Amino acid sequence: PDDDAPPPPTPPPEPSGPPPPPSAPFGGGAPPPPPAEECEICSGKLYVSERSGLCLTCRFKNGNPFLPAKDLLAWTMLKTQANNHLTVQLRGVIEFRTGRLPAGHSVEVRVLRVDAPEWRFDQCHSWPAGISLFVEDRRVLLKKPDEDDQTPPGPLDISNCIVRAPGDLAGLPMKVSAAVTAKKSEQWALGLVLIEPMGKMDMVCRHIIKKVQAKQMPEEDRKRLDLERIFAWVTAHRPDRVSKKDTLRNVEPPVMKLTCCTSLMRISLATRGPMCDHLQCFDLESYIHTMRSIPPKHAWCCPICDRPAPLHRLRLDAFAQSVIDATEPNVTEVLVADTGAWEVSAVDEPMDDDSSEDDGPPIPRKPTMVDLQQAALNLGRAFSAPSSRLPAQAPQASPPPRRSRSPKRKDKDKGKKEESEVDKKRENWEKLQGIAKPEEPKEETRFGWLPENAHCSKCEKSVVDKGGVYCGRKRPNGEYVGCFEEICWKCMNKANKKEFGSVKTSKTEFSSLGPDAWWMHEKCMSAEDKKEYFGESDEEDGKKKDASDDEGGTFAWL
C-alpha cells in the first residue's frame with residue numbers, strides 16, 4: 001500500500017442515549033402504534049398491513065366463524081380484465097370409493113377485498129362489481145356490474161361440481177377460472193375452502209366461547225387494566241364536574257347495568273371490545289347469537305359503542321365478572337366509583353299478580369236454550385204472583401270512580417319519579433365516591449308531649465295530640481338524654497314502681513309545667529336530672545307526689 005495515502009476517516013461517536021422519539025403529527029398527541037407484523041391466529045407474517053390483524057389465509061378460513069374452514073384448498077389474486085385460472089387438487093378431499101365429498105362436508109368459493117375500505121370488511125366475504133365464475137367448462141355464477149340488485153350474494157357452494165367416478169384417480173384436479181370487473185386500485189383474492197360440519201348452533205357457540213377464553217390474559221392482569229379503564233371513564237363522566245352550560249341537563253351518575261343490551265337478560269360472561277372504554281359490557285353468548293344474522297355493515301361491532309369487536313380480539317371483563325358473581329340474580333344495576341368500589345342501585349322486583357282487582361264485575365253466563373224455555377214458562381207467573389213473593393232485586397253496584405287518562409299527567413308524574421330516582425342515585429354515588437357533604441345532625445324532638453298518631457311503647461295504641469309524654473329531656477348544654485319511650489296517660493296511671501320508679505306525672509300536672517315540661521323514668525335520670533326535676537328546696541323534703549294520687553288528672557288515648 002501507498003504510505004502517502006491519507007488515513008481513513010474516524011467513525012462518528014456512539015450516541016450517549018436512545019434516539020429521541022419521532023415528533024407527533026400536527027404537533028400533539030402520541031404517535032400511533034406500529035401495525036402488527038404477525039397474524040393474531042396463526043402467528044404468520046403479515047405481508048399486507050391488515051387492520052383486522054389476520055393474514056389472508058386466516059381471513060379465508062375464519063371469516064365466517066359459524067362455518068370455519070377445515071382447510072384452504074387453493075387461492076389466487078384476481079386481476080381485472082383477464083382470465084384468472086386456479087387448479088385444485090382433490091386427492092384426499094373426496095372419497096376414493098364414492099368419488100364424492102364426505103358426508104356433511106362442502107366446498108365454498110370465497111372472495112375477499114384485500115385492501116378493504118373498512119375494518120369490518122376484512123373478515124367477511126364480498127364479491128367485486130362484476131364476476132363470471134367457471135368450474136371446468138360450466139358457468140356457476142354471473143354477476144354483472146350494471147345489475148339493479150346491488151346486494152351481493154354470499155359465498156358460493158360448488159359441492160355439486162366436485163363429483164368423480166368411483167375409484168377414478170385420473171382427472172382429479174379441478175380447474176376454476178374467473179373474470180372480474182373492478183377498479184384498478186382495488187385488490188381482490190379468490191379462494192376455495194373445505195368446510196366440515198359443526199353440529200347444532202349451541203355446539204358452535206360453545207366452541208367459539210372456548211376459543212375466546214383460551215386467548216385471554218391472566219385474570220389479575222385483566223383486572224388491573226379494567227381498573228385503569230374505569231378510573232379514566234368515571235373521571236371523565238363525573239356528574240359533580242358538569243360545566244355551567246349543562247347545569248339544566250339531568251346527569252346520571254356512573255352506573256353499570258348487569259343486563260345485556262342485546263338479549264335483555266342477565267350477563268353470564270361479561271365481554272367487551274378491545275377499543276371499548278365504557279363501563280357497560282355485553283354477554284358473550286348473546287353477542288355470538290346476534291352476530292349470526294346481523295347485516296355485514298354492522299357485523300362484529302360492539303352493540304354499545306359500534307367500535308370493532310371481532311372474535312379474536314374480544315376481552316373478558318374481569319371487574320364486571322367479579323361484580324356479577326358477587327351480586328344476587330335479581331340485581332340489575334350498580335353504581336361504580338373511580339376506585340373500583342361499587343354499590344347496588346337497582347334490583348328487579350317480581351311483579352305482583354293482583355289480577356283479582358282488575359277483573360271487574362263477573363261476566364254474565366250466556367243463557368242456554370233450557371234457560372230461555374224456563375224463562376218463557378215463568379213469564380206469566382211473575383206478573384200474576386203477589387208483590388210480596390216477588391224476589392228482591394239485588395242492589396246495583398255503584399260505577400267505579402273515573403280515573404284520569406290524561407297523557408300529560410302521566411308523563412309529568414313519570415318525569416318526577418325518574419328525577420327523584422336519579423337524584424337518589426347521585427347521592428348514593430357521592431357517598432360511594434367519598435365526596436358527599438357530611439349530613440347535619442338532626443335535632444332531637446322526642447321529649448315533651450306525644451304528637452297525634454304516636455304509638456305508646458307499652459300498649460302500642462295510637463294516641464291523640466297530647467295523649468302522653470316522652471321519656472327524655474334537653475339539658476341546658478344541648479345534650480339529649482332519656483330512653484325516648486312513648487308513654488300514654490293510661491299506661492302512666494297503671495304503671496307500678498318496678499317499671500317507672502317513683503317518678504310519675506299526670507296530664508294536669510304536666511300542663512301546668514309550661515312549654516318546657518319534660519318527664520323521665522327514674523332509672524333514666526341522673527343526679528343532675530333529679531335535682532332539676534324536683535328543685536333544690538324539694539330534694540331534701542322528698543319527691544313529688546305520685547300521679548296516681550292526683551284525682552284531677554285526666555287521660556287521653558285511642
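The accessible-area ordering, largest first, of the residues 509, 485, 421 stands as 421, 485, 509, per a 1.4 angstrom probe. If the chain linking residue 206 and residue 493 were pulled fully straight, counting 0.36 nm for each residue of separation and taking away their Cα-Cα distance, it would gain 95.7 nm.
Compactness of segment 211-347, taken as the C-alpha radius of gyration over 2.2 N^0.38 Å, stands at 1.08. Taking all protein chains together and rolling a 1.4 Å probe, residue 532 ends up with roughly 110 Å² accessible. Modelled spin labels at residue 466 and residue 89, positioned 7 Å past Cα toward Cβ, are 11.1 nm from each other. Each residue, residue 81 and residue 221, gets one label point 7 Å from its Cα in the Cβ direction; the gap between the two is 5.1 nm. Take the Cβ atoms of residue 126 and residue 236, set R0 to 35 Å, and the FRET efficiency comes out at 0.40. Judged by the mean number of other Cβ atoms found within 10 Å, the most tightly packed of the peptides 305-317, 453-465 leads the ranking 305-317, 453-465.
Averaging 1/r over each pair of different alpha-carbon atoms in segment 299-342 and inverting the result gives 12.6 Å, the Kirkwood hydrodynamic radius. Pairs spanning more than 23 Å between alpha-carbon atoms, out of 437/474; 223/437; 45/211; 61/175: 437/474; 223/437. Judged by the mean number of other Cβ atoms found within 10 Å, the most tightly packed of the peptides 190-197, 497-504 leads the ranking 190-197, 497-504.
The values are calculated or read from the model by the stated rules, or taken from the named source; none is laboratory data. Not measured: the values here are computed from a predicted model. Glycine gets a Cβ as well: all are built from the backbone with ideal geometry, and neighbour counts include every protein chain shown. Remember, those area values only see protein heavy atoms, side chains included, never the ligands or the DNA or RNA. Shrake-Rupley method; radii C 1.70, N 1.55, O 1.52, S 1.80 Å.
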